[in-house]
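The values are calculated or read from the model by the stated rules, or taken from the named source; none is laboratory data. Keep in mind that this is a model prediction, so the values were computed, not measured. Cβ placement follows ideal geometry from the backbone for every residue including glycine, while neighbour counts extend to all protein chains displayed. Side chains are part of the model used for accessible areas, which takes the heavy atoms of the whole protein and leaves out ligands, DNA and RNA. Shrake-Rupley method; radii C 1.70, N 1.55, O 1.52, S 1.80 Å.
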Amino acid sequence: MKKIRIVVADDQTLFLEGLVNLLSTNPEFELVGQAENGRVLLEHLKSQATLPDIALIDMNMPIMNGVELNAVLHREYPSIKVIVLSVHGEERYMSKMIEAGACGYLKKNCETHELFQTIINTHQLGFYFNRDAVSAMRNAAHHRKAGIQNLNNIPISLTERELLILKMICDELTNAEIAEKLFISSRTVDGHRTNLLGKIGCKNTAGLVIFAIKYGVFEVQF
């Protein structure tokens, strides 16, 4: 079985060592790098022939913090899925990082099983959001005075068909499965998916799911 390749960035030595030791207890994981700040992690990535699947990053780091690192990873290494581990549990931090491309957000005092579940689900599905993260996204949308906005905070509108297809995508249906249910071609579904990505301002399914959760199109089952 192919292991999930993970890199870790955190400036707190004891926490970093503890996290590394914890990850080593799971046979599904392979630690392929660790760094004390974002800049060191980026230098490490440049020397790797194979990129990691997951980056676990802290928000508060010297030289290059998690906010800056997340932006660079999202732009230059889009295949790496970022999970934020932070002492900050406030909703404004969560929503900010998720809207900036993070695929998951956990408090540093989370349980081991939640950390492992987040890593595995993010690797398989492209994202994993717990109750706190979902609440943060929805409240961020609720507090905006405008109506529905894309991930760049630009007002948009979606048709009933687009909303239906978006929900089906969130339910993990393939283009072929959606086409069969709606009695349309897979090519038509792919066209709708492309239009949704453009309207919502995201690059992948994770971005569509983030949008759908924020505006109540998709209900996460816990």
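Suppose we keep only residues that are at pLDDT 90 or above and in contact with a helix residue (DSSP H, G or I) (Cβ under 6 Å, 6 or more places away or on another chain) within the stretch 170-180. Which one would you say is most open to solvent (accessible area, probe 1.4 Å)?
Across the stretch 170-180, the extreme among qualifying residues is 176.
Does the stretch 150-162 include one or more residues that are without any contact (Cβ under 8 Å) to a residue 24 or more places away in the chain and within 12 Å of the chain's Cα centre (by Cα)?
No, that holds for no residue.
Scan 36, 30, 43 and give me the residue that is acidic (Asp, Glu) and within 22 Å of residue 123 (Cα to Cα).
Only one candidate qualifies: 30.
Go through (1) among the polar types (S, T, N, Q); (2) open to solvent by 60 Å² or more (accessible area, probe 1.4 Å); (3) in a loop (DSSP other than H, G, I, E, B) for residue 21 and report which single condition fails.
(3)
Sort out which residues of the stretch 73-95 are within 17 Å of residue 204 (Cα to Cα) and either assigned to a helix (DSSP H, G or I) or aromatic (Phe, Trp, Tyr) (or both), and write them in order of number.
Result: 73, 74, 75, 76, 77.
Condition check: at pLDDT below 90, open to solvent by less than 20 Å² (accessible area, probe 1.4 Å), closer than 16 Å to residue 131 by Cβ and out of contact with any Lys or Arg (no Cβ under 7 Å at 6 or more places or on another chain). Does residue 59 satisfy that?
Against the criterion (at pLDDT below 90, open to solvent by less than 20 Å² (accessible area, probe 1.4 Å), closer than 16 Å to residue 131 by Cβ and out of contact with any Lys or Arg (no Cβ under 7 Å at 6 or more places or on another chain)), residue 59 does not qualify.
Working only within the stretch 62-76, note down all residues that are of a type in the set (D, E, K, R) and either under 15 Å from the mean Cα position of the chain (by Cα) or crowded, with 17+ Cβ neighbours inside 10 Å (or both).
75
Please name all residue pairs, on different chains or six or more residues apart, with Cβ atoms under 7 Å, provided the first residue is in the stretch 48-76 and is farther than 22 Å from residue 12 by Cβ and the second residue is open to solvent by 60 Å² or more (accessible area, probe 1.4 Å) and in a loop (DSSP other than H, G, I, E, B).
51/79
For residue 59, only one of the following conditions fails: (1) closer than 23 Å to residue 205 by Cα; (2) touching a helix residue (DSSP H, G or I) at 6+ places or on another chain (Cβ under 6 Å). What is its number?
It is condition (1) that residue 59 fails.
Checking the condition buried (at least 17 other Cβ atoms within 10 Å of the Cβ) and of a type in the set (Ser, Thr, Tyr), which residue from 47, 86, 79 passes?
86
Which of the residues that make up the stretch 169-222 are over 26 Å from residue 140 (Cα atoms) and not in a helix (DSSP H, G or I)?
Hits for the stretch 169-222 are 173, 174, 183, 184, 185.
Which members of the stretch 96-133 meet the condition of being open to solvent by less than 10 Å² (accessible area, probe 1.4 Å), in a helix (DSSP H, G or I) and not aliphatic (A, V, I, L, M)?
Within the stretch 96-133, 118, 122 qualify.
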